[in-house]
Every structure is written in structure tokens, then in C-alpha cells.
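What follows is calculated from the coordinates using simple rules that are stated; it is not laboratory data. Values in this document were obtained by computation on a predicted structure and should not be read as measured data. Glycine also receives a Cβ, built like all others from the backbone with ideal geometry; neighbour counts cover every protein chain displayed.
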Amino acid sequence: MELLIATHNPGKYREYARLLSGLPVRCISPAAAETLLHVDESGASFRENASLKAVANAVASNRLTLADDSGLEVDALQGRPGVHSARYGGPGLTDTERWQLLLSEMKRVPWAERTARFRCVIALATPSGQVRVADGCCEGLIAFQAAGDNGFGYDPIFWLPELGCTMAQLDEETKNQISHRARAASLARPLIDRLARAAGSS
Ligand code: IMP
């Protein structure tokens with residue numbers, strides 16, 4: 001059975017195809033399925049946004065569909081940027097300008113209060129509108145200054161205390177073992193397995 005990975009981002013598609021290998025589903029991209037609705041991320045939570053995207057695409061494509069939503073929650077900023085991570089500071093900013101803004105807001109926050117986490121919610125939807133969700137997070141601290149050139153988004157300022165470096169200083173393979181997306185995907189695996197087997201036997 002096919003699993004539509006509803007994302008505009010080819011890197012994310014490849015990553016999910018790898019994280020979900022070995023399941024009784026064949027991952028297909030929106031291009032291969034000739035469908036990808038643009039769904040407004042108007043929800044108040046990662047869960048709501050991921051579910052909105054998964055259901056709309058499952059109904060439109062008539063396929064079991066995976067969609068996700070992710071972002072950075074900073075405790076000293078009461079959970080901001082959260083669901084607004086991609087748009088933090090306004091629509092015209094680059095990734096670098098966004099994390100620079102975040103660092104300037106955190107200037108006076110001491111180390112012990114700089115706790116933060118990347119969060120990812122994966123929603124799986126069937127064409128009949130059934131939804132299951134899996135939540136993954138990766139805990140860390142907001143560094144005082146950026147370091148590293150790998151990754152994207154807020155990676156250069158996200159400090160991993162157990163590894164002693166920022167997320168942007170990790171190679172792709174290591175990041176993909178500990179990331180919020182990898183953790184959500186490992187919880188999503190048994191859900192996909194069950195949904196695929198139920199669809200196969202009906
Ligand atoms: P999306 O869920 O892919 O739309 O991600 C929303 C935003 O959250 C991105 O634009 C990034 O700013 C941030 N984000 C999500 N995942 C990561 C990550 O692994 N590293 C750094 N930033 C991330």
C-alpha cells in the first residue's frame with residue numbers, strides 16, 4: 001500500500017522515506033501522486049496543523065497520508081516561537097535573521113533558564129478521515145552564540161548538553177538519530193504498520 005508523504009520539502013521526503021523503511025508501505029512523494037494541497041497552518045498547536053495537512057491530503061489523494069509540523073519552543077519566551085517558528089519575526093526574514101532575533105531576545109537570560117526543545121508532531125490520516133498522531137522532541141538549551149554550519153533553521157543556536165555542541169555542528173546522520181523528527185517517526189512506525197494492515201484486510 002502507498003503512503004503519501006505530504007511535504008513540499010524534498011529533503012524531508014527523503015528523510016521520512018529512510019526513517020520508515022521496512023514497513024508494509026511504499027512511500028510516495030506529492031509529485032508522484034500528482035497531488036499536494038497547500039493547507040494553511042492556521043492551527044494553535046503542532047498537532048492541529050499536522051492533522052489539518054494530513055487529513056486534507058489524504059482525502060484529496062485517496063491515500064494513507066503522513067504530514068508533520070515542527071518548531072522550536074523556548075521556555076524563557078513562554079514557548080515561542082512554537083508553531084510560528086518558520087515565520088518568527090515576519091515573513092521576509094532569512095533563517096539567520098530569525099535566530100539572531102531569538103538570540104537578542106534571550107540576551108539577559110541566564111544559562112540555567114535557556115531550556116528549549118525542538119518538537120515534531122507527525123499526523124497520519126486515512127482517506128476516510130481517521131487520524132493518529134506521534135509526538136517527538138529533542139531537549140536542549142539556547143546557546144549564547146551561534147556555532148556550526150550544518151542543518152537549517154535554528155540549528156546553529158540549539159545546544160545539546162550531552163553532546164557538547166550545537167545541532168548545526170552535527171553531521172546529518174547523527175542529527176537524524178537524535179532529532180525530534182526521528183523520535184516522532186519511530187513512534188509513528190507501529191501506527192503506520194497497524195493502519196496499513198487494517199486497510200489491507202478490509
Ligand atoms: P516545518 O515543520 O518543516 O514547517 O518547520 C517549521 C520551522 O521550525 C522551520 O522553518 C524551522 O525554523 C524550525 N525547525 C523545524 N525543525 C527544525 C530542525 O530540525 N532544526 C532547526 N529548525 C527547525
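Below are the figures for this structure:
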quantity: Euclidean distance between Cα centres, region 122-142 to region 147-198, Å; calculated: 14
quantity: Size of electric dipole in region 2-201: Cβ of Lys, Arg +1 and of Asp, Glu -1, about Cα centre, debye, nearest 20; calculated: 460
quantity: Candidate lysines for bridging to LYS175, where Cα separation is under 16 Å - those fewer than 8 sequence places away on the same chain excluded; calculated: LYS12
quantity: Amide H contacts of GLU2 (H built 1.01 Å from N, under 5 Å, at least 5 apart or other chain); calculated: ARG26
quantity: Karplus-derived HN-Hα couplings along region 157-173 (A = 6.51, B = -1.76, C = 1.60, θ = phi - 60°), whole Hz, x at Gly and Pro; calculated: 10, 9, 8, 9, x, 5, 9, x, 7, 8, 4, 6, 9, 8, 6, 4, 5
quantity: Summed residue charge, Cβ within 15 Å of VAL133's Cβ, Lys/Arg positive, Asp/Glu negative; calculated: +4
quantity: For region 5-24 versus region 67-99, the gap between their alpha-carbon centres in whole angstrom; calculated: 23
quantity: Global form of region 60-120, assessed from the alpha-carbon gyration tensor, a/c cut-off 1.5; calculated: oblate
quantity: Distance in nm between pseudo-label sites at GLU173 and ASN9 (7 Å out along the Cβ direction from Cα); calculated: 2.2
quantity: DSSP bridge pairs, the chain: antiparallel proportion in percent, nearest 5; calculated: 80
